[in-house]
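One structure is given here, and the rest of the page talks about it.
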Amino acid sequence: LTAVNPRLSASVAVAPAVSLRGSVYGGFRAPTLNELYRGFRTGNTQVNPNEALAPERLTGTDGGVVFTHGSLSARATAFWNRLDDVITNVTLSRTPALITQQRQNADRVRAAGLELEGSWQRGGLATTATATLVSSRFKGNTSVRDNRVPQVPGTQFGLDVRYARAGWTASGQFRITGRQFEDDLNLLELRPARVVDIMATRALSRTVNVFVGVENLLDATYDVGRTPILTVGLPRSARAGARLAW
């Protein structure tokens, strides 16, 4: 089996602080051994393998603009992708006690969206904000046509702040993830999530660093799986320790 993953990219500066870029590309992914031969069960969902799976093939393009001026930079990128013979878990039957799925080639997925990123840095302080808006849906000749692709949120936002000075490093991350679905039928919804993580590190010497961090600072409840049994993320948790390097 032979595969070619072509890519053609170009970038041009249109002003001292502004450049335009774009690319077209193709991709190929063969099914994994797990997808071909290994089944598993999570909660009340049984997923069966499929020895007849065909490879996935990707065709896509993206284009954007990049702005850089002193300590400020910004980037906006629009993209469009088509994934043929996409491998996904297709629901075969549903009962209150058991959901049976099988890995199948679900014809086609089309994904289009916009990625935004802005960053600012001054002295030891650096801040980065990101946003992703995406529409990813099944297309082609499939029973789930126009349904949203599982585990792909329509919106994601992030804010990262980092400060470093005199051996101290402090960082914080705030993430917002929009609603998404666990299954191809779009019946098992995962609710939006808002999570804050923080960490501080102190260099005691060239070889010793101590750190403390808190994950899920606000003790938010957020969904990570539904089978249909709901699984939520970790509650607020703290960790501390030391790193040694030679």
Roughly how many Å² of residue 33 are accessible to a 1.4 Å probe, to the nearest 10? 130 Å²
Candidates 14, 65, 144, ranked by Gaussian network fluctuation over the chain, Cα under 10 Å, top entry: 14
Rounded to whole Å, give me the distance from the Cα center of the stretch 176-246 to that of the stretch 93-143. 19 Å
Answer check: the stretch 1-58, Cα atoms, Kirkwood Rh, Rg/Rh ratio of 1.32
Return a whole-number percent for the relative contact order of the chain, with Cα pairs under 8 Å and 6 or more residues apart as the contact set. 11 percent
Please check: in the Gaussian network model of the chain (C-alpha springs, under 10 Å), which one of 187, 159, 217 has the largest mean-square fluctuation. 187
Karplus ³J(HN,Hα) for the stretch 16-27 (6.51 cos²θ - 1.76 cosθ + 1.60, θ = phi - 60°; Hz, whole; x = Gly/Pro) runs x, 10, 10, 9, 10, 9, x, 7, 10, 7, x, x
Note, ³J(HN,Hα) from phi for the stretch 181-193, Karplus 6.51, -1.76, 1.60, rounded to Hz, x at Gly and Pro: 10, 8, 10, 5, 7, 6, 9, 9, 8, 9, 6, x, 10
Summarise the accessible area of the stretch 83-191 (1.4 Å probe, protein heavy atoms) by the percent that is carbon and sulfur. 51 percent
Under the Kirkwood approximation applied to all pairs of distinct alpha-carbon atoms, what is the hydrodynamic radius of the stretch 55-136 in Å? 16.0 Å
If we count every other residue with Cβ under 15 angstrom of residue 142's Cβ, Lys/Arg +1 and Asp/Glu -1, where does the sum land? +1
Any residue on another chain or 5+ positions along whose placed amide H is under 5 Å from the amide H of residue 107 is listed here as 85, 86
Three semi-axes of the equivalent ellipsoid, the stretch 181-246, Cα gyration tensor, whole Å, largest first: 37, 12, 9
Tell me the label only: which of [x] 7, 21, 26, 25, 18, 4, 0; [y] 7, 24, 26, 18, 13, 8, 4, 1; [z] 7, 29, 31, 21, 10, 2, 0 is P(r) over Cα pairs in 10 Å bins from 0, in percent as calculated from this structure? [x]
Taking the stretch 1-144, the whole-percent share of alpha-carbon pairs separated by over 19 angstrom is 67 percent
Ranking 180, 123, 157 by how far each Cα lies towards the positive end of the charge dipole of the stretch 114-239 (+1 on Lys and Arg Cβ, -1 on Asp and Glu Cβ), the top one is 123
In whole Hz, what ³J(HN,Hα) sequence does the stretch 203-209 give by Karplus (6.51, -1.76, 1.60; θ = phi - 60°), x for Gly and Pro? 7, 8, 7, 5, 10, 10, 10
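Which value, in Å², gives the accessible area per residue of the chain when a 1.4 Å probe is used on the protein heavy atoms?
Spelled out: the 1.4 Å probe surface of the chain, per residue, equals 59 Å².
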The chain: most fluctuating residue of 13, 131, 106 per GNM, C-alpha cutoff 10 Å: 13
At 0.890 mPa s and 25 °C, plugging the Kirkwood radius over alpha-carbon pairs of the stretch 79-214 into Stokes-Einstein gives what diffusion coefficient in µm²/s? 136 µm²/s
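The values are calculated or read from the model by the stated rules, or taken from the named source; none is laboratory data. Note that the structure is predicted; figures quoted are calculated from it, not measured. Methodologically, a virtual Cβ is constructed for each residue, glycine included, from the backbone with ideal geometry; neighbour enumeration extends over all protein chains shown. Areas reflect the complete protein model, heavy atoms only, side chains present, ligands, DNA and RNA absent. Shrake-Rupley method; radii C 1.70, N 1.55, O 1.52, S 1.80 Å.
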